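Engineer: What follows is a single structure, and I will ask about it in a moment.
The values are calculated or read from the model by the stated rules, or taken from the named source; none is laboratory data. Everything numeric in this text was worked out from a predicted model, so none of it was measured. Note that we place each Cβ from the backbone using ideal geometry, even for glycine, and neighbour counts take in every protein chain shown. These area figures cover heavy atoms from the full protein model, side chains too; ligands, DNA and RNA do not enter into them. Shrake-Rupley method; radii C 1.70, N 1.55, O 1.52, S 1.80 Å.
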Amino acid sequence: MILGALAGGAVGTIVLTTGLRLAQELGWTRMDIPLLLGTVFSPSRSRAEVIGYAVHFVNGLLFSLAYAFVFAATGRADWLLGLGLGFVHALFAGGGLVNVLLPAVHPRMGTPWSDSQETPLLEPPGFMLLNYGRATAIVTVVLHLAYGAIVGASAGGF
Amino acid sequence: MRVDGFAAIEDYAVVGDGRTAALVARDGSVDWLCLPNFDSPSVFGRVLDAERGGSFQLAPTTSFESQREYVGETNVLATTFRTADGVVRVTDALTLADRSWLAPLRELVRQVECLSGRVELAWSIEPRFDYGRRAGRISSRAGHLVAEGGRTALAVGAWGGTEARATGTGIAGSFDLSGGESGLLSMTVADRDPLVFGTRAAAAERLQSTLEFWRGWSARTAYDGPWRELVARSALALKLLVFAPSAAIAAAPTTSLPEWLGGTRNWDYRYAWVRDAAFSLVALLRLGHTDEARSFFWWLEHATALTLPRLRVLYRLNGAVETAERELEHLSGYRGSRPVRVGNGASSQLQLDVYGSMIDALWLYADESGDLSAHEGKAIAKLADWVAEHWRCEDFGIWEVRSGPAHFTHSKAMCWVALERASKLAERGLVPDHRERWNGEAASIRRFVDERLWNGERNTYVRAASSDDVDASLLLLSLFEYDDPRGERLRGTVAAIERELRDGLRVRRYLSDDGIGEPEGGFVACSFWLVAALAKAGRVDEAGALMEELAGAANDVGLYAEELAPDGSFLGNFPQALSHLACVAAAQALSEAGP
């Protein structure tokens with residue numbers, strides 16, 4: 001099951017990242033996860049994008065392990081449970097992980113506490129990432145549902 | 001001196017922390033403060049409604065004279081009150097957080113020091129949350145009085161005077177100080193989170209570190225030309241308007257201060273205009289504040305990403321695009337100037353000049369930093385391509401007229417600037433090379449301007465196609481070097497503007513109908529642009545004389561509003577970024593022109 005979840009995590013992360021990029025290109029959102037993650041390590045946009053893709057991919061694999069833990073605990077692994085976990089995952093990402101935790105540790109991102117002493121390079125995402133465009137919350141939820149369904153299906157076998 | 005409870009706009013000074021700003025009147029009353037951010041609803045809004053707006057008053061209980069100044073080159077204000085019995089100084093600041101300690105989300109500190117004699121002062125906080133709609137609930141928590149209104153709460157710490165007491169609608173107290181004694185008030189703020197109660201020592205320490213931060217920041221302002229003091233104050237005012245969490249710059253921290261007393265030109269300026277951001281990037285680059293310039297660059301890039309290549313005129317400070325305009329009918333407005341508006345309906349207008357301002361700023365940034373990624377280069381090329389395709393459209397122009405679109409000369413010239421700068425970047429290999437198209441369209445713009453927007457008989461560019469009027473925005477043709485600033489055409493245009501729009505130091509924007517049909521004051525930015533245009537035209541003495549006059553027209557703490565009334569009083573939102581940006585540009589033009 002773990003290997004299946006990891007394989008699903010790899011595919012799901014690619015789908016999620018590509019979907020986000022597509023949404024950006026279509027003008028639906030300014031959310032750029034590789035940039036947000038990569039600029040933790042480098043202020044250079046091009047370097048940050050490369051690092052960010054790698055970090056996001058690793059994160060995707062790690063999350064799939066967390067999914068596998070839930071599958072093992074419940075004794076059930078299928079696309080439907082994966083879908084449910086994907087929804088929880090999206091709420092966690094938009095409500096806490098990217099909204100609160102990332103700005104708190106990101107050296108180049110503003111926070112509600114940033115004052116004139118700071119010159120951040122990135123605006124904070126806001127609750128459910130809404131600062132990056134109204135459709136961001138929808139895009140985030142839909143793509144995490146897809147991620148969860150893929151991980152669930154892969155872990156449980158098609 | 002108040003009229004119907006309202007202080008004159010020039011009687012205000014501003015303190016801020018990069019998230020919000022407070023207007024402090026000469027009589028010690030904080031009459032404007034939105035919490036937690038610039039664009040949040042006001043908690044003190046007396047400047048928009050003397051009865052129900054709310055305020056934080058602190059003043060001697062007997063008659064006094066007051067004198068104010070910022071503490072050196074900082075954004076910390078010191079007001080000295082002289083009474084028959086003594087002299088007392090009040091130091092006001094929105095403090096910056098001490099990162100090593102649990103700091104409040106926002107904090108307004110008011111330190112009182114008796115310099116001589118004996119002075120009794122009274123203070124009262126009358127919060128009116130949500131633009132004056134609610135008085136709030138006063139209660140006591142852990143020995144601190146707290147006022148709550150919806151998601152916002154504030155706690156008051158008072159030391160060195162009587163204990164704070166609840167008054168039913170607010171919190172009040174007093175000081176009775178003799179020479180050498182001091183007191184301190186700290187108003188801490190929470191927004192959807194727990195309040196952090198201050199201690200006297202921590203608040204005093206934050207005030208000190210805030211002073212030190214501003215001094216250090218000003219010391220990095222690399223400008224040693226003429227009017228250094230004015231330029232340094234303008235830089236500080238601009239820094240104060242930068243919304244630190246996102247690096248967006250607010251056009252002003254206020255809404256609906258009128259462009260004419262009793263009029264309806266009352267707009268909400270608590271938004272980030274792309275044009276202002278571009279001007280800010282240029283100004284801060286030239287003043288040596290490269291960190292801020294880089295932040296603006298990233299903000300410009302990110303804020304506009306959703307709509308690229310189409311630019312909105314303005315964005316919310318947090319990057320969102322929703323700016324729907326509505327009226328607050330329960331507020332009286334500044335001295336009866338209604339309506340009071342929040343939100344800004346100009347956001348969806350087509351204003352072609354924004355593209356020129358933005359690409360010019362990006363070009364300067366790339367020129368100074370040599371730093372432009374392939375992604376950014378592509379974005380600039382998209383913008384230039386959009387300009388090449390759309391410059392023939394009518395637009396609403398830099399003044400956001402509500403009389404309908406037109407072919408404005410300034411807009412067309414800025415389209416030319418956009419294409420010319422993009423070509424320069426392509427020449428250096430920094431953006432994809434579409435020069436053939438851009439140069440061709442740039443030449444077409446010049447032909448259009450020559451044929452339809454130049455009036456040979458009057459020897460001036462005109463405001464718009466089919467108009468014989470001039471417009472002060474034409475001064476920017478000189479600043480952006482659309483033409484040779486010393487050439488016959490721009491000299492003729494500057495002369496026409498002086499003749500028709502200038503009245504002493506005041507320069508009107510235009511005389512034509514703009515769809516509102518009400519009078520307005522002289523536009524401060526236009527006066528500074530005239531200084532710059534005169535300096536660039538080689539009329540340095542005249543430019544210097546006008547600059548001297550304008551320096552004298554700032555208020556006692558060196559700040560400008562949007563406009564100047566015929567009697568020298570201030571009109572419009574305050575302090576205004578564009579006025580201070582133009583001030584910096586004028587000083588720099590004079591500095592470059594030499595003695």
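Engineer: Can you work out which of the residues in segment A:115-130 that are part of a helix (DSSP H, G or I) and under 13 Å from the mean Cα position of the chain (by Cα) is surrounded by the most Cβ atoms within 10 Å (Cβ to Cβ)?
Structural biologist: Looking only at segment A:115-130, we keep the residues that are part of a helix (DSSP H, G or I), and these are A:127-130.
Narrowing further to those that are under 13 Å from the mean Cα position of the chain (by Cα): A:128-129.
Details: A:M128: 19, A:L129: 24.
Here the answer is A:L129.
Engineer: Now for a separate question. Can you tell me which residue within segment A:63-77, out of those that are surrounded by 14 or more Cβ atoms within 10 Å (Cβ to Cβ) and aromatic (F, W, Y), is nearest to A:A149 (Cα to Cα)?
Structural biologist: Top of the filtered list is A:Y67.
Engineer: Can you pull out the residues in segment B:178-225 that are open to solvent by less than 10 Å² (accessible area, probe 1.4 Å) and among the acidic types (D, E)?
Structural biologist: Within segment B:178-225, no residue meets the criteria.
Engineer: In the list B:A277, B:A247, which residue meets the criterion of being within 12 Å of chain A (Cβ to nearest Cβ) and more than 26 Å from B:E329 (Cβ to Cβ)? Can you show your working first?
Structural biologist: Working: B:A277 fails: within 12 Å of chain A (Cβ to nearest Cβ).
None of the other options fit; the residue is B:A247.
Engineer: Just a yes or no: is a residue in segment B:420-434 buried (at least 24 other Cβ atoms within 10 Å of the Cβ) and either within 14 Å of chain A (Cβ to nearest Cβ) or among the aromatic types (F, W, Y) (or both)?
Structural biologist: Scanning segment B:420-434, I find no residue that is buried (at least 24 other Cβ atoms within 10 Å of the Cβ) and either within 14 Å of chain A (Cβ to nearest Cβ) or among the aromatic types (F, W, Y) (or both), so the answer is no.
Engineer: Here's another thing I want to ask about it. Do you know which residues across segment B:364-376 are within 14 Å of B:G429 (Cβ to Cβ) and crowded, with 18+ Cβ neighbours inside 10 Å?
Structural biologist: Listed by number, the residues that qualify are B:A366, B:L372, B:E376.
Engineer: Now, a different point. Pairs only if they're at least six apart or on different chains, beta carbon under 8 angstrom, first in segment B:528-545 and free of Cβ contacts under 8 Å to residues at least 40 places away in the same chain, second buried (at least 24 other Cβ atoms within 10 Å of the Cβ) and not hydroxyl-bearing (S, T, Y); list them, first residue then second.
Structural biologist: What qualifies is B:E542/B:L534.
Engineer: Now for a different question. When the residues of segment A:23-56 are narrowed to those that are within 11 Å of another protein chain (Cβ to nearest Cβ), in a helix (DSSP H, G or I) and open to solvent by 40 Å² or more (accessible area, probe 1.4 Å), which ends up nearest to B:G370 (Cα to Cα)?
Structural biologist: Initially, segment A:23-56 is screened for residues within 11 Å of another protein chain (Cβ to nearest Cβ), giving A:23-32, A:35-36, A:39, A:43-49.
Remaining after also requiring in a helix (DSSP H, G or I): A:23-25, A:35-36, A:45-49.
Within this subset, residues satisfying the condition of being open to solvent by 40 Å² or more (accessible area, probe 1.4 Å) are A:24-25, A:46-47.
Details: A:Q24: 27, A:E25: 27, A:S46: 15, A:R47: 16 Å.
Looking at the filtered set, the residue picked out is A:S46.
Engineer: Filter segment B:280-297 down to residues that are within 14 Å of chain A (Cβ to nearest Cβ) and open to solvent by 10 Å² or more (accessible area, probe 1.4 Å) and give me whichever is farthest from B:L479 (Cα to Cα).
Structural biologist: B:D291
Engineer: Does segment A:78-88 include one or more residues that are surrounded by 15 or more Cβ atoms within 10 Å (Cβ to Cβ) and not in a helix (DSSP H, G or I)?
Structural biologist: Yes: one or more hits.
Residue-by-condition table, conditions (1) touching a Gly at 6+ places or on another chain (Cβ under 9 Å); (2) open to solvent by 10 Å² or more (accessible area, probe 1.4 Å):
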| position | (1), (2) |
| --- | --- |
| B:L96 | yes, no |
| B:W101 | no, yes |
| B:V109 | yes, no |
| B:S116 | yes, yes |
| B:V119 | yes, no |
| B:P127 | yes, no |
| B:S139 | no, yes |
| B:G160 | yes, yes |
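Engineer: Among the residues of segment A:131-138, is any part of a loop (DSSP other than H, G, I, E, B), within 10 Å of chain B (Cβ to nearest Cβ), out of contact with any helix residue (DSSP H, G or I) (no Cβ under 6 Å at 6 or more places or on another chain) and basic (K, R)? Explain how you work it out, then say what you get.
Structural biologist: Of the residues in segment A:131-138, the ones part of a loop (DSSP other than H, G, I, E, B) are A:133-135.
From the residues that got through so far, the ones that are within 10 Å of chain B (Cβ to nearest Cβ) too are A:133-135.
Right, trim to out of contact with any helix residue (DSSP H, G or I) (no Cβ under 6 Å at 6 or more places or on another chain) and you get A:133-135.
Right, trim to basic (K, R) and you get A:134.
Yes, segment A:131-138 has at least one match.
Engineer: Here's a follow-up. Can you pull out the residues in segment B:480-506 that are assigned to a helix (DSSP H, G or I) and free of Cβ contacts under 8 Å to residues at least 24 places away in the same chain?
Structural biologist: Start the filter on segment B:480-506 by keeping residues that are assigned to a helix (DSSP H, G or I), which leaves B:488-501.
Scanning segment B:480-506 gives a single hit, B:R499.
Engineer: Does segment A:70-79 include one or more residues that are within 14 Å of chain B (Cβ to nearest Cβ) and polar (S, T, N, Q)?
Structural biologist: The answer is no, given that none of the residues of segment A:70-79 is within 14 Å of chain B (Cβ to nearest Cβ) and polar (S, T, N, Q).
Engineer: Still on this structure: Find the residue count for segment B:227-244, including only residues that are open to solvent by 10 Å² or more (accessible area, probe 1.4 Å), away from every other protein chain (no Cβ under 14 Å) and in contact (Cβ under 8 Å) with a residue 12 or more places away in the chain.
Structural biologist: 4
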